[in-house]
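Values in this text are rule-based calculations from the coordinates and carry no lab data. Given the structure is predicted, the values throughout are model-derived calculations rather than measurements. Reconstructed Cβ throughout: ideal geometry from the backbone, glycine too, with neighbour counts over all protein chains shown.
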Amino acid sequence: MTPAARTQAAIDLLDAIIAALPPRSRQVFLLARVEQLALAEIGRQLGISRQTAHGHLLRALVALQQVPGA
């Protein structure tokens, strides 16, 4: 497998894992990691507490840690 193919396979796997997250965890993960919002701001936008946003982010990060080779 070429390096480009391995990279694309890894991206596809991460996309699948993110898509499989519970909707709220996926939303919090994308806001935190892609949009780079603080947990307090995510909480305000979603109408949840900062602690709840943190729990959703942790759930997403644990799922991503399960990626082989990560």
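For this structure, a couple of remarks:
- Dipole axis of the chain (+1 Lys, Arg; -1 Asp, Glu on Cβ), positive-most option in 40, 17, 4: 40
- Radius, Kirkwood style, for the chain when every pair of distinct Cα atoms is counted (Å): 12.8 Å
- By the helix-only formula, in which each DSSP H run with n ≥ 4 contributes -39500 (n - 2.57) and the sum is divided by residues, the chain has a 222 nm mean residue ellipticity of -24000 deg cm²/dmol.
- The chain: relative contact order as a whole-number percent, Cα under 8 Å and 6+ apart: 33 percent
- The local environment of residue 35, defined by Cβ-Cβ distances under 14 Å, has a net charge of +2 under the rule Lys, Arg +1 and Asp, Glu -1.
- For the chain, the Cβ-based charge dipole about the Cα centre amounts to some 200 debye (Lys, Arg positive; Asp, Glu negative; other atoms uncharged).
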